[in-house]
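Participant: The structure follows.
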Amino acid sequence: MSKLKVFNSLKDFIKYRDALPSAVSIGFVPTMGALHTGHASLLKKSAAENTITVLSIFVNPTQFNNTDDLQKYPRTWDTDLKIAEESGAQVVISPDYAEIYNDGYRYQLSENNFSKKLCGAYRDGHFNGVLTIVMKLLQIVNAQKAYFGKKDFQQFKLIEDMASAFFLRTSIVGCETIREIDGLAMSSRNMRLNEAGRKKAALIYKALTDFTDLSKAREFLTSNGIEVEYLEEHFNRRFIAVYIDGLRLIDNVEC
Ligand code: AMP
């Protein structure tokens, strides 16, 4: 029998949260589900550092600028609960849209510098959606620490800066990217690749690590049939977004 407490109602979760003794430390891992080893690493880190680990699973519509991508986003609820429990989570919250967007998305958080670059330059409104949902979730969970992957480094940085800008009490913890053996960064979207696409996807990490010259890296990918959206360096990191068979994948490494 699963020992996980699953809350679909935020009202019920808040009641549970407010009744926890103040000595209990909460670690929080927000996700969109379709959990893999990357998510598990965040949960395990949280479980090692806190009394209770709360996982949220919510496929956030406001951060999708493409309805097809939203509809096709993988949903693997039963496996997610299994991974959550095995990785040390005690609580799962999975709110519905109407409850968490009780304002109908009238209120939005935006950042007007770094969010306009990289993914923000190509995905209109994406980071407004991300920052808004993360702020809502951070307020709801009221954790001591919240864990984010550097796989989405731009997102991590924007959230870290948001927490500082709004004097949030939750510490934002960045976690290293977990990769497949061939270097491909783990992502829920990878399960949508076919065999040929999956082979091509390994070249993304190669392009990030094997070339000093960005234009040579780009040429390497395009000559292998990978469409490069951006390949840029900021803050001593190399960032990339590509399309493989219509599927958008991102990655970044220190450089
Ligand atoms: P997602 O469900 O894709 O929104 O991701 C939820 C959290 O897991 C985010 O903080 C991601 O950055 C993190 N994450 C996703 N993939 C990985 C990975 N391969 N390694 C480390 N963290 C990851």
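Participant: Is there any pair with a first residue in region 147-169 that is outside the structural domain of Ser56 (by TED's automatic domain parsing) and a second that is within 7 Å of the ligand (Cβ to nearest atom) and modelled with pLDDT of 95 or more whose Cβ atoms are under 6 Å apart and which are 6 or more apart or on different chains, and what are they?
Facilitator: Hits for this filter: zero, empty list.
Participant: Select from region 37-57 the residues that are within 11 Å of the ligand (Cβ to nearest atom) and open to solvent by less than 40 Å² (accessible area, probe 1.4 Å) and list them in ascending order.
Facilitator: Answer for region 37-57, where residues must be within 11 Å of the ligand (Cβ to nearest atom) and open to solvent by less than 40 Å² (accessible area, probe 1.4 Å): Gly38, His39, Ala40, Ser41, Leu42, Leu43, Leu55, Ser56, Ile57.
Participant: Next question. Are any residues in region 71-86 in contact with a helix residue (DSSP H, G or I) (Cβ under 8 Å, 6 or more places away or on another chain), in a helix (DSSP H, G or I) and surrounded by 15 or more Cβ atoms within 10 Å (Cβ to Cβ), and if so, which ones?
Facilitator: Ile83, Ala84
Participant: Please verify whether Leu221 is in a helix (DSSP H, G or I) and more than 13 Å from the ligand (Cβ to nearest atom), treating the condition exactly as stated.
Facilitator: Against the criterion (in a helix (DSSP H, G or I) and more than 13 Å from the ligand (Cβ to nearest atom)), Leu221 qualifies.
Participant: On to the next question. If you take the residues in region 25-36 that are assigned to a strand (DSSP E or B) and open to solvent by less than 10 Å² (accessible area, probe 1.4 Å), which one is farthest from the ligand (Cβ to nearest atom)?
Facilitator: Among those residues, the one meeting the criterion is Ile26.
Participant: Where residues in region 180-199 are open to solvent by 60 Å² or more (accessible area, probe 1.4 Å) and charged (D, E, K, R), which of them is nearest to Ala40 (Cα to Cα)? Let's see the steps before the verdict.
Facilitator: We begin by selecting, within region 180-199, every residue open to solvent by 60 Å² or more (accessible area, probe 1.4 Å); these are 180-182, 191-192, 194-196, 198-199.
Subset that is charged (D, E, K, R): 180, 182, 192, 195, 198-199.
Details: Glu180: 14, Asp182: 19, Arg192: 20, Glu195: 24, Arg198: 22, Lys199: 24 Å.
My answer is Glu180.
Participant: Let me ask something else about it. Is it fair to say Phe211 is surrounded by 14 or more Cβ atoms within 10 Å (Cβ to Cβ), in a helix (DSSP H, G or I) and over 26 Å from the mean Cα position of the chain (by Cα)? Full working, then the answer.
Facilitator: Numbers: surrounded by 14 or more Cβ atoms within 10 Å (Cβ to Cβ): yes; in a helix (DSSP H, G or I): no; over 26 Å from the mean Cα position of the chain (by Cα): yes.
For Phe211, the condition - surrounded by 14 or more Cβ atoms within 10 Å (Cβ to Cβ), in a helix (DSSP H, G or I) and over 26 Å from the mean Cα position of the chain (by Cα) - is not met.
Participant: Consider only pairs whose beta carbons are under 7 Å apart and that are at least six residues apart or on different chains; among these, list those whose first residue lies in region 37-57 and is closer than 16 Å to Ala143 by Cβ and whose second residue is aromatic (Phe, Trp, Tyr) and crowded, with 24+ Cβ neighbours inside 10 Å.
Facilitator: Leu42/Tyr147; Lys45/Tyr147; Ser46/Tyr147; Val54/Phe28
Participant: Identify, please: which residue in region 133-160 is under 19 Å from Ala47 (Cα atoms) and near the ligand (Cβ under 10 Å from one of its atoms) and is, among those, most open to solvent (accessible area, probe 1.4 Å)?
Facilitator: The extreme case among them is Lys150.
The values are calculated or read from the model by the stated rules, or taken from the named source; none is laboratory data. What you see is a predicted model; the values in this text were computed from it and never measured. Don't worry about glycine lacking a Cβ; one is built from the backbone with ideal geometry, like all the others, and counts go over all protein chains shown. Calculation scope for accessible area: heavy atoms of the full protein, side chains included, ligands and nucleic acids excluded. Shrake-Rupley method; radii C 1.70, N 1.55, O 1.52, S 1.80 Å.
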